[in-house]
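The values are calculated or read from the model by the stated rules, or taken from the named source; none is laboratory data. These numbers were taken from a predicted model, which means no experiment stands behind them. Every residue, glycine as well, gets a Cβ built from its backbone with ideal geometry; the counts of neighbours run over all protein chains shown.
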Amino acid sequence: MSHSAWSEKMLQLLRRMNNFYSAGSCRANCFRFQVDGAQVGWIPPHVAPLLARYPQVFSPPQDGVVSLCSSLDSYEKRSEAVDAVLQTQRKEDTFTCLKGWRNERYSVMPKFSDPPLMWMERAATSLFGVRRYGVHINGYTVSDSGEVRMWLARRSATKQTYPGMLDHVAAGGLAAGVGIKHTAVKECEEEACIPAAIAEKVKPVNTISYTYEQDGEVFPESQFVFDLELPLEFKPRVGDGEVQEFYLLPIDEVKELLASDDFKPNCAMVVLDFLIRHSFIEPDSEPSYQEFVAGLHQTL
């Protein structure tokens, strides 16, 4: 693939993963979702009318805003009330995304540094445009001659999302009340059988943020990115069944794969960031360098 064609593929990826900001997106018709006076998400226009069936939980839309009722004045009350609504909708089979119910609680807050206002089932967050956080680990090796290779994983064919696609050596969502590095180490151990003694050496290096809409739902996401240099003799092994195989590939091959349809899209973004940070992509030779960097760090 020519350099210009590869660059255009990367720009297409970044536009896709930030399409909520594009002209013609559903953003103009979304309702701002507020909890205790603070915006925590975007409710798509087809979701808001269904919430009106629960006036004891959601206030009627006003000035483009849907709020939780003020009587729900604690973390526990808000979480339990919204979860009861979602459980009902799940039974009624109203929303396709709820078929992927995971029993995973995600924190809901305006910014990551803010105290959580409530928790919400992971599968439902896109109905409210609630920000989701995760961790991604770039596992790589450096040979004695300085050659860098990257470990990639092939997702299980039975995964609920993006089955069979290329992924990082380990990655996962950030559950409510669980630390970031703890999650990174846990995912390394569970998905790739990386011992804690090695996994503890993960280095936090960046965050990747983007917002996309898909199938009428809104996905604002931010990934905490870690680099983990693995020993040359170490080989990841399939752990909890979320991965079917691991590959150790030279950077040129990884770069080519990024431009294919084989990569889970947000993982491709994290690998693109790796290539930039490790100077495999440089501003003198990449005309779209600034566009790449901007597209990886959109304000949520």
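Yes or no: region 237-244 includes at least one residue that is buried (at least 17 other Cβ atoms within 10 Å of the Cβ) and touching a Cys at 6+ places or on another chain (Cβ under 8 Å). Looking through region 237-244, none of the residues is buried (at least 17 other Cβ atoms within 10 Å of the Cβ) and touching a Cys at 6+ places or on another chain (Cβ under 8 Å). Of the residues screened, Asp144 is not one that is out of contact with any Asp or Glu (no Cβ under 9 Å at 6 or more places or on another chain) and either of a type in the set (Phe, Trp, Tyr) or in the same structural domain as Phe58 (by TED's automatic domain parsing) (or both). Considering region 12-35, and only residues there that are assigned to a strand (DSSP E or B) and not hydrophobic (A, V, I, L, M, F, W, C), the residue that is surrounded by the fewest Cβ atoms within 10 Å (Cβ to Cβ) turns out to be Arg32. Based on what the data block shows, is Gly41 within 23 Å of Met269 (Cβ to Cβ) and assigned to a loop (DSSP other than H, G, I, E, B)? Answer is no for this residue.
For region 171-198, taking the residues that are without any contact (Cβ under 8 Å) to a residue 60 or more places away in the chain, in contact with a helix residue (DSSP H, G or I) (Cβ under 8 Å, 6 or more places away or on another chain) and among the small types (Gly, Ala, Ser), the one that is surrounded by the most Cβ atoms within 10 Å (Cβ to Cβ) is identified as Ala184. Considering only residues in region 140-163 that are surrounded by fewer than 12 Cβ atoms within 10 Å (Cβ to Cβ), modelled with pLDDT of 95 or more and of a type in the set (Ser, Thr, Tyr), the one that is nearest to Leu258 (Cα to Cα) turns out to be Ser143. In the set (1) under 21 Å from Leu117 (Cα atoms); (2) surrounded by fewer than 19 Cβ atoms within 10 Å (Cβ to Cβ); (3) within 22 Å of the chain's Cα centre (by Cα), Thr96 fails one condition alone, (1). The condition (being part of a loop (DSSP other than H, G, I, E, B) and either within 28 Å of Thr183 (Cβ to Cβ) or of a type outside the set (D, E, K, R) (or both)) is satisfied by just one residue among Asp73, Asp114: Asp114. Against the conditions (1) in a loop (DSSP other than H, G, I, E, B); (2) over 30 Å from Glu76 (Cβ atoms), Ala176 satisfies every one except (2). Scoring Asp114 on the criteria (1) under 22 Å from the mean Cα position of the chain (by Cα); (2) farther than 30 Å from Gly239 by Cβ; (3) not assigned by TED's automatic domain parsing to the domain that holds Gly37 leaves a single failure, condition (3). Residues of region 246-274 that are touching a residue at least 24 places away in the same chain (Cβ under 8 Å) and over 19 Å from the mean Cα position of the chain (by Cα): Phe246, Tyr247, Leu248, Leu249, Pro250, Ile251, Val254, Lys255, Glu256, Leu257, Ala259. In this entry, Pro55 passes the filter for residues that are in a loop (DSSP other than H, G, I, E, B), out of contact with any helix residue (DSSP H, G or I) (no Cβ under 9 Å at 6 or more places or on another chain) and loosely packed, with under 13 Cβ neighbours inside 10 Å. Checking every residue in region 1-11 against the condition of being among the polar types (S, T, N, Q), within 24 Å of Lys264 (Cα to Cα) and either part of a strand (DSSP E or B) or modelled with pLDDT of 95 or more (or both) gives at least one match. The residue of region 59-80 that is nearest to Ala123 (Cα to Cα), among those that are buried (at least 19 other Cβ atoms within 10 Å of the Cβ) and in contact (Cβ under 8 Å) with a residue 24 or more places away in the chain, is Ser79.
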